[in-house]
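Remarks on the structure that follows.
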């Protein structure tokens, strides 16, 4: 089958479907209809079957996990739940002693 570039822009998905079905599609240029490109299906190689990976494959290398996943001690929990205490005694502006 032959198609001009304009037809290819308009109907690209249809032309690709025809190429997938095994048909060779030749793209031609403008008025001269000189062949410039070919759309052909790509031969698909069979993908290798994936092996099932066991759970915990890298357990030895990774260790038991990050420490932040472990529960907090009572002391650490108390620090998190303590009220915020400001170190400022007053929010009043500083006085100018230069006068």
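Things to note:
- Within the range 34-59, the residues that satisfy the criterion of being modelled with pLDDT of 85 or more and either part of a loop (DSSP other than H, G, I, E, B) or exposed (fewer than 10 other Cβ atoms within 10 Å of the Cβ) (or both) are 34, 40.
- When residues of the range 9-20 are limited to those that are in contact (Cβ under 8 Å) with a residue 12 or more places away in the chain and under 31 Å from the mean Cα position of the chain (by Cα), the one surrounded by the fewest Cβ atoms within 10 Å (Cβ to Cβ): 20
- With respect to the conditions (1) modelled with pLDDT under 75; (2) surrounded by fewer than 11 Cβ atoms within 10 Å (Cβ to Cβ), residue 83 falls short on a single one, namely (1).
- Which listed residue, of 17, 92, 3, is outside any strand (DSSP E or B) and at pLDDT 85 or above: 17
The values are calculated or read from the model by the stated rules, or taken from the named source; none is laboratory data. Small disclaimer: the values here were computed from a predicted structure and weren't measured. Glycine gets a Cβ as well: all are built from the backbone with ideal geometry, and neighbour counts include every protein chain shown.
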